[in-house]
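Colleague: My structure is below; once you've seen it, I'll send some questions.
The values are calculated or read from the model by the stated rules, or taken from the named source; none is laboratory data. From a predicted model like this one, the values you see are computed outputs, not experimental measurements. We place every Cβ from the backbone using ideal geometry, glycine too, and count neighbours over all the protein chains shown. Heads up: the accessible areas ignore ligands, DNA and RNA and are worked out on the full protein's heavy atoms, side chains in. Shrake-Rupley method; radii C 1.70, N 1.55, O 1.52, S 1.80 Å.
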Amino acid sequence: MILGKPLEEDMNLRPIHYQWAYDLYNQAVANTWFPHEIALGEDLEDFKKMSEDEKHAVSFLMSFFNPAELIVNRSLALGVYPYLKAPEAHLYLAKQMWEEANHCQAFEYVLETFPLDKDKAFNVHLETPSIKAKEAFIAKYLGRMTENLDIESAAGKQDLVRNLVAFNIVMEGIWFYSGFMVALSFRQKQQLKNFASMVDWVVRDESLHLKFGLNLILTILEENPEIATTEFAEEIKQIVIEGVQLENAYNKDLFPRGISGINADYVNQYVRYIADRRLEELGFEPHFHDANPAQWMATETDTLELVNFFEAQNTKYEVDNHAH
Ligand code: FE
Ligand code: MN
């Protein structure tokens, strides 16, 4: 069982029970990168030439992402780590938490480099209703994890799954991907190329965070079939749909008028497209049935390579096992 209070024998890494968690840890370590190795000088020149609406979009994205990275870490530290027994899962979470700290620093570096009013940028998430609503949604599910939760009970296990769906599937798997798509769309117009390289690194990390979260949710449901009722499945689907609605409101504030090549409708179609992919990954039928308006995203980010990685890595570990 991956959930529960750790016993003394759970403090041994071997034998590894959840090979996927250990594989993801090793892949995450191999992906290690440092924001300050990416020079943003050219991007600063691009930024200075941008329209006010373009500058607003970049600044607004950073204003959401900067605190969001720290919120993910709170969700992991208070809502996931304490309830898992498997040391290989703890190894992965320790690396993910460093990555979220690193992303926070990466966005901090962008905020320092571009001529933005930092005090204003840091206050945006405290003052903008659409961002406050997104943060309240995450806080609601995390709140339950810190109030005398019994992880051995069905209710406690369901709360943990709800929290994972909210911050991992919705926040990291939908909201972040929507933001990455917008950030990378500047490269499509030959702007902010080095910033886009930084975002590529973040996407590489986030795709593993998503893979870990999905594997964890599916493992919990497989090991605790009594919690996977029809009502609970419907509730999970509704959490994803509510996440899409919150992102729609946010994207209207991100693009009050739209900029060259992209506007709120375009981003919201991408949000519905990516939400359907997340629903499918959780075992649901698609809900929105929208085409991907940003087909270029598939080639911009090496998502496909990452999907294939999992199989490749499994094969490698099989070889390793034969040697022992
Ligand atoms: Fe992150
Ligand atoms: Mn993440």
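Colleague: Count, please, the residues in region 115-132 that happen to be assigned to a helix (DSSP H, G or I) and either within 16 Å of ligand 1 (Cβ to nearest atom) or open to solvent by less than 40 Å² (accessible area, probe 1.4 Å) (or both).
Modeller: Residues that pass the stated criteria total 5.
Colleague: Just to be sure I understand, how many residues within region 78-98 are within 15 Å of the chain's Cα centre (by Cα) and either more than 15 Å from ligand 2 (Cβ to nearest atom) or under 25 Å from Ala136 (Cβ atoms) (or both)?
Modeller: Total meeting the criteria: 4.
Colleague: Next question, about the same structure. For residues that are farther than 14 Å from Ile2 by Cα and under 21 Å from the mean Cα position of the chain (by Cα), scanning just region 209-232, find the one that is nearest to ligand 1 (Cβ to nearest atom).
Modeller: Across region 209-232, the extreme among qualifying residues is His209.
Colleague: Right, another one. Looking at the structure I just gave you, is Ala68 within 12 Å of ligand 2 (Cβ to nearest atom), closer than 17 Å to His209 by Cβ and open to solvent by less than 10 Å² (accessible area, probe 1.4 Å)?
Modeller: Here the answer is yes, as Ala68 does meet what is asked.
Colleague: When both residues are 6+ apart or on different chains and their Cβ atoms are under 8 Å apart, which pairs have a first residue that lies in region 104-124 and is farther than 24 Å from Asp205 by Cβ and touching a residue at least 24 places away in the same chain (Cβ under 8 Å), and a second that is open to solvent by 80 Å² or more (accessible area, probe 1.4 Å) and in a helix (DSSP H, G or I)?
Modeller: Pro115/Lys48
Colleague: Here's a follow-up. Which condition number does Ala121 fail, the rest of (1) within 16 Å of ligand 2 (Cβ to nearest atom); (2) under 30 Å from Ser260 (Cα atoms) being met?
Modeller: (1)
Residue-by-condition table, conditions (1) within 16 Å of ligand 2 (Cβ to nearest atom); (2) farther than 26 Å from Ala136 by Cβ:
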residue	(1), (2)
Trp33	yes, yes
Glu42	no, yes
Ser63	no, no
Arg74	yes, no
Val110	no, no
Pro115	no, yes
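Colleague: Just give me the residues in region 171-199 being within 12 Å of ligand 2 (Cβ to nearest atom) and in contact with a Lys or Arg (Cβ under 8 Å, 6 or more places away or on another chain), in sequence order.
Modeller: Passing the criteria: Met171, Gly173, Trp175.
Colleague: Of everything in region 212-263, what is hydroxyl-bearing (Ser, Thr, Tyr) and open to solvent by 30 Å² or more (accessible area, probe 1.4 Å)? Give them in sequence order.
Modeller: Of everything in region 212-263, those that are hydroxyl-bearing (Ser, Thr, Tyr) and open to solvent by 30 Å² or more (accessible area, probe 1.4 Å) turn out to be Thr229, Thr230, Ser260.
Colleague: Condition first: within 16 Å of ligand 1 (Cβ to nearest atom) and open to solvent by 50 Å² or more (accessible area, probe 1.4 Å). Can you find one or more residues in region 192-201 that meet it?
Modeller: yes
Colleague: For the subset of region 94-114 comprising residues that are within 13 Å of ligand 1 (Cβ to nearest atom) and among the aliphatic types (A, V, I, L, M), which member is nearest to Glu69 (Cα to Cα)?
Modeller: Per the stated criteria, the residue is Ala101.
Colleague: Out of everything in region 24-65 that is over 16 Å from Lys189 (Cβ atoms) and hydroxyl-bearing (Ser, Thr, Tyr), what residue ends up being least open to solvent (accessible area, probe 1.4 Å)?
Modeller: Of everything passing the filter in region 24-65, Ser63 is least open to solvent (accessible area, probe 1.4 Å).
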